[in-house]
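To keep things clear, I will list the structure first and then write my remarks on it.
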Number of protein chains: 2
Amino acid sequence: MVTATICTIGDEILIGQIVDTNSSKISTALNSIGVKVVSMVSTSDTEEDIINTVETALKTSNVVVITGGLGPTKDDITKKTLGKLTGATADVENQEQLEIITRILSARGMVPLSALNRAQASVPNSCKVIPNEFGTAPCMEFDIPESRYGHRALMFSLPGVPFEAEAAIPKVLESIQAHFSLDKIFHKTICTFGIPESTLAQQIEEWEDNLPENLHLAYLPNPVLGVRLRLSIYGVDEETGKAELAENEAKLRQMLGDAIYGEGTDSLQKVIGNTLKERGMTVGVAESCTGGFLASLFTSQPGASEYFHGGIISYDNSVKMNVLGVEKEVLDNYGAVSRECAEQMAAGARRVLGTDCAIATTGIAGPDGGTPEKPAGTVWVAVATPEGIESKKFSFNSTRRNINIERFASNALNMLRLQLIKKITL
Amino acid sequence: MVTATICTIGDEILIGQIVDTNSSKISTALNSIGVKVVSMVSTSDTEEDIINTVETALKTSNVVVITGGLGPTKDDITKKTLGKLTGATADVENQEQLEIITRILSARGMVPLSALNRAQASVPNSCKVIPNEFGTAPCMEFDIPESRYGHRALMFSLPGVPFEAEAAIPKVLESIQAHFSLDKIFHKTICTFGIPESTLAQQIEEWEDNLPENLHLAYLPNPVLGVRLRLSIYGVDEETGKAELAENEAKLRQMLGDAIYGEGTDSLQKVIGNTLKERGMTVGVAESCTGGFLASLFTSQPGASEYFHGGIISYDNSVKMNVLGVEKEVLDNYGAVSRECAEQMAAGARRVLGTDCAIATTGIAGPDGGTPEKPAGTVWVAVATPEGIESKKFSFNSTRRNINIERFASNALNMLRLQLIKKITL
């Protein structure tokens, strides 16, 4: 089996200032093509530590993916150090990256290029460049001959900036696939929402216990995406693998029904967006406690303007009354966190925004606020559609503000999704 | 200097299923007492890998903190393996942890304890237990004599569940401080916004080149937080350290002026929120292309309701006209992505939401859309205050939707910040 080590370079990770999210993304990608990640290491950006870490990785792995330490400033020495390690005899300026740097910095009015910025296009002559379209530091690939560590190795150096690193991943995978003969792994991810992980595990226990040896199930819980179930099958040909995945997917669908909202990289907002587009319907939001986060989930989706018309963030009660038309009596008698308020917000959003559907949220995100009856973590969600308004209270009993906001918004999306499935069959 | 390695054990990190957030928290804590983290490593939960990883760590570090692999199931073998590594001769049942386990599982109706759960209270007799109040797996501390690796070492094993690991940190620090005589490290982070990393580096180059040997500078760029500059000083007493950091901070402030918006864990939204609270002012937003993300930055801040009244997400032009009062002629003659539209949106938001200030964004987030004159990555931002309206175009020339949204929103926040500094001195 082809093995990999992922190295991150930089004091900002070692002192705890930054959480390393690159390694997890790279690892997921490597796994998807059948490369087994055996270790992840973070090290500081001194020459000695970089060389020690990378050499150890090269001795034990076929593939080494390094992120970080490629900035234009003096504390970033990864490029120079990897050049030294791989016996580079000179630096060469990469024309393609130079053009990208010029384009990016022109757009920011930073031409002619400074010496520091131009130097970003220079790489050791021991590497092949993978152009970085989104940043100034090129990605580098080093092909290391078998004679050096007893096995052929590929080493990649990617920027530390997460979206720049992520953008390079497809090229990294392509190159690994061209250099090594890989075992096949086939994956299928089924996305569920609304059933807690432990309950889900009980519901599918018998099926899970009887899975064949070469079929592996992983639970991937996430506050926004729900619990995703990833099935992986090893050591079979494509036809058998796909057939077996399809058979087990069908069983899961039978057991879990509407709790399954999609597959692969689907999200609630993507699936809802597709349904709305298909039906020529529009949606809007009225947000109190989620404060724009629900709208931002919709608008994170390219092309959202086809169905998402807008939203009213009615954080202050004056906005609930003046813009959404929530009655003062409702706020006085039931409070802002109530079924009555949520329903008037949803109806108001539908009217003001001129949409077919609207979702409203009103709750207590925390960490402070709340009462014994309505503690932090409580939210009322209302969904208004041409068929009427439905509302529901969710209680998460948590004072973690950002997690609460994520849970409130994703459960609100899921309510709309279920309404679209069950109620509206245009 | 006392050094540390942090090890995480478990396939869920290596396959990318989970992002490791424990290491970052543990590292921050170790740094705060002057322990230098020299490496972080993730390894799989086989006996061979655990022993290799931990022994390597013990050879190079005085302190090794391990998280994960302490669950009740068969695949969790950390406890047994660490017992073997440290020459344990038997297991002993820890009474304090047994009581905690009984209490936790009683609350879930899981008494009498199963053999698996009771076994959680047993530990190798080579360790000292740090009770885990929030979970069933006890934390363990192993004191390793100098004779073994040529230096005295302390090894801790903590659960992988983030809040359980976090709860054990104070006890871990206490024990390290009791065992070692520690050097001090002092950090100071200065937050800047609006100057690209490479330009910033040029502006402070001379100062940076003349920093003393024991003072280290790191650049931490982030699309939402801007470029943060972290100064670290080693090997001095507290008074000298703090004085030297303060002196260099003063120099930075002189060089960078208003580009500095805060320090430590500050964010633009936090700093703006504090300014608004101090002045008794309120703010609202009118968002087109940022689609709720700008509002969600404001509302991610606890207590935002004191100054953030709400927002209008006018994704569709009908909402721009009907709710914000943008004139049809403006949309027809200049388009939605124009100075004129942004200014009418900001004025409309201020009026409709009844706030002192309002920020409006209208642009093209991409990946599609845009024209040669207004490509994806273009945004007009307007800021309305009691002093009038200011507007500005930003061009990022990028088709990366989510990054564009982040940049649009953070630059919009920064415009309001600068207005609050420069124009409004109530």
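Okay, residues lined up against (1) in contact with a strand residue (DSSP E or B) (Cβ under 6 Å, 6 or more places away or on another chain); (2) modelled with pLDDT of 95 or more; (3) over 20 Å from residue A:35 (Cα atoms); (4) of a type in the set (Val, Ile, Thr):
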{"site": "A:224", "(1), (2), (3), (4)": "no, no, yes, yes"}
{"site": "A:229", "(1), (2), (3), (4)": "yes, no, yes, no"}
{"site": "A:238", "(1), (2), (3), (4)": "no, no, no, no"}
{"site": "A:241", "(1), (2), (3), (4)": "yes, no, no, no"}
{"site": "A:259", "(1), (2), (3), (4)": "yes, yes, yes, no"}
Checklist entry - Within region A:277-292, restricting attention to residues that are assigned to a strand (DSSP E or B) and not aliphatic (A, V, I, L, M), which residue is nearest to residue A:411 (Cα to Cα)? => result A:287
Checklist entry - Considering region B:383-411 alone, what residues qualify as being within 17 Å of residue B:298 (Cβ to Cβ) and within 13 Å of chain A (Cβ to nearest Cβ)? => result B:405, B:406, B:407, B:408, B:409, B:411
Next on the checklist: Here is a check on your reading of the model: is residue A:270 free of Cβ contacts under 8 Å to residues at least 40 places away in the same chain, under 17 Å from residue A:193 (Cα atoms) and charged (D, E, K, R)?
Outcome noted: yes
Next on the checklist: Against the condition farther than 19 Å from residue A:18 by Cβ, more than 8 Å from chain A (Cβ to nearest Cβ) and over 26 Å from the mean Cα position of the chain (by Cα), how does residue B:50 come out, does it pass?
Outcome noted: yes
Checklist outcome for this item: Within region B:154-182, residues in contact with a Ser or Thr (Cβ under 7 Å, 6 or more places away or on another chain) and among the aliphatic types (A, V, I, L, M) come out as B:154, B:158, B:165
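Results for (1) out of contact with any Ser or Thr (no Cβ under 8 Å at 6 or more places or on another chain); (2) within 12 Å of chain B (Cβ to nearest Cβ); (3) not hydroxyl-bearing (Ser, Thr, Tyr), shown as yes or no for each residue.
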{"position": "A:55", "(1), (2), (3)": "yes, no, yes"}
{"position": "A:60", "(1), (2), (3)": "no, yes, no"}
{"position": "A:68", "(1), (2), (3)": "no, yes, yes"}
{"position": "A:75", "(1), (2), (3)": "yes, yes, yes"}
{"position": "A:78", "(1), (2), (3)": "no, no, no"}
Item to check | Yes/no for residue A:156 being in contact (Cβ under 8 Å) with a residue 40 or more places away in the chain, outside any loop (DSSP other than H, G, I, E, B) and over 29 Å from residue B:402 (Cβ atoms) | outcome: no
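Within region A:278-302, can you find the residues that are within 9 Å of another protein chain (Cβ to nearest Cβ) and touching a Ser or Thr at 6+ places or on another chain (Cβ under 7 Å)?
Step one: of region A:278-302, the residues within 9 Å of another protein chain (Cβ to nearest Cβ) are A:282, A:284-285, A:287-302.
If the condition is that a residue be within 9 Å of another protein chain (Cβ to nearest Cβ) and touching a Ser or Thr at 6+ places or on another chain (Cβ under 7 Å), then A:282, A:284, A:287, A:288, A:289, A:290, A:291, A:292, A:293, A:294, A:296 are the ones that fit.
Yes or no, residue by residue, for (1) away from chain A (no Cβ under 14 Å); (2) crowded, with 18+ Cβ neighbours inside 10 Å; (3) in contact with a Leu (Cβ under 6 Å, 6 or more places away or on another chain):
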site	(1), (2), (3)
B:327	yes, no, no
B:333	yes, no, no
B:336	no, yes, no
B:342	yes, yes, no
B:351	no, no, no
B:360	no, yes, no
B:365	no, yes, no
B:373	no, no, no
B:381	yes, yes, no
Item to check | Tabulated pairs, region A:277-304, first outside the structural domain of residue A:351 (by TED's automatic domain parsing), second small (Gly, Ala, Ser) and surrounded by fewer than 24 Cβ atoms within 10 Å (Cβ to Cβ), C-beta under 9 angstrom, 6+ apart or interchain | outcome: none
Checklist entry - On the given criteria, is residue B:394 touching a helix residue (DSSP H, G or I) at 6+ places or on another chain (Cβ under 9 Å), of a type in the set (Phe, Trp, Tyr), surrounded by 22 or more Cβ atoms within 10 Å (Cβ to Cβ) and at pLDDT 95 or above? => result no
Item to check | Residues satisfying the stated conditions in region A:21-42, i.e. at the interface with chain B (Cβ under 7 Å from one of its Cβ atoms), touching an Asp or Glu at 6+ places or on another chain (Cβ under 7 Å) and not in a helix (DSSP H, G or I) | outcome: A:42
Checklist outcome for this item: Subset of region B:216-257, residues crowded, with 16+ Cβ neighbours inside 10 Å, of a type in the set (S, T, N, Q) and more than 9 Å from chain A (Cβ to nearest Cβ), comes to B:248
Checklist entry - Is region B:24-31 home to any residue that is of a type in the set (Val, Ile, Thr) and in contact (Cβ under 8 Å) with a residue 60 or more places away in the chain? => result yes
Checklist entry - Of B:10, B:16, B:71, which residue is buried (at least 19 other Cβ atoms within 10 Å of the Cβ), assigned by TED's automatic domain parsing to the domain that holds residue B:166, modelled with pLDDT under 90 and touching a Leu at 6+ places or on another chain (Cβ under 9 Å)? => result B:16
Item to check | Residues of region B:323-370 satisfying the condition of being among the aliphatic types (A, V, I, L, M), without any contact (Cβ under 8 Å) to a residue 40 or more places away in the chain and part of a helix (DSSP H, G or I) | outcome: B:330, B:331
Item to check | region B:89-118, subset part of a loop (DSSP other than H, G, I, E, B), modelled with pLDDT of 85 or more and closer than 17 Å to residue B:132 by Cβ, residue farthest from the chain's Cα centre (by Cα) | outcome: B:113
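Conditions tested, residue by residue: (1) aromatic (Phe, Trp, Tyr); (2) in the same structural domain as residue B:38 (by TED's automatic domain parsing); (3) surrounded by fewer than 18 Cβ atoms within 10 Å (Cβ to Cβ).
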| residue | (1), (2), (3) |
| --- | --- |
| B:78 | no, yes, no |
| B:84 | no, yes, yes |
| B:88 | no, yes, no |
| B:96 | no, yes, yes |
| B:116 | no, yes, yes |
| B:142 | yes, yes, no |
| B:145 | no, yes, yes |
| B:160 | no, yes, no |
Checklist outcome for this item: Just one listed residue, out of A:395, A:391, A:318, is small (Gly, Ala, Ser) and more than 29 Å from residue A:192 (Cβ to Cβ), and it is A:318
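For region B:305-321: of the residues being more than 7 Å from chain A (Cβ to nearest Cβ) and assigned to a helix (DSSP H, G or I), which is nearest to residue A:370 (Cα to Cα)? Spell out how you get there, then give the answer.
Our first condition is that a residue be more than 7 Å from chain A (Cβ to nearest Cβ); within region B:305-321, this holds for B:306-307, B:317, B:320-321.
Applying the additional criterion that residues be assigned to a helix (DSSP H, G or I) yields B:306, B:317, B:320-321.
Details: B:306: 16, B:317: 37, B:320: 34, B:321: 37 Å.
My answer is B:306.
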Next on the checklist: When the residues of region B:6-20 are narrowed to those that are in a loop (DSSP other than H, G, I, E, B) and over 18 Å from residue A:44 (Cβ atoms), which ends up farthest from the other protein chains (Cβ to nearest Cβ)?
Outcome noted: B:10
Checklist outcome for this item: Just one listed residue, out of A:157, A:147, is more than 14 Å from chain B (Cβ to nearest Cβ) and touching a helix residue (DSSP H, G or I) at 6+ places or on another chain (Cβ under 9 Å), and it is A:157
Next on the checklist: Take residue B:150 and tell me if it is surrounded by 15 or more Cβ atoms within 10 Å (Cβ to Cβ) and of a type outside the set (S, T, N, Q).
Outcome noted: no
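The values are calculated or read from the model by the stated rules, or taken from the named source; none is laboratory data. In this text the structure is predicted, and so the values were computed from the model without any measurement. Every residue, glycine among them, receives a Cβ derived from its backbone with ideal geometry; neighbour counts consider all protein chains shown.
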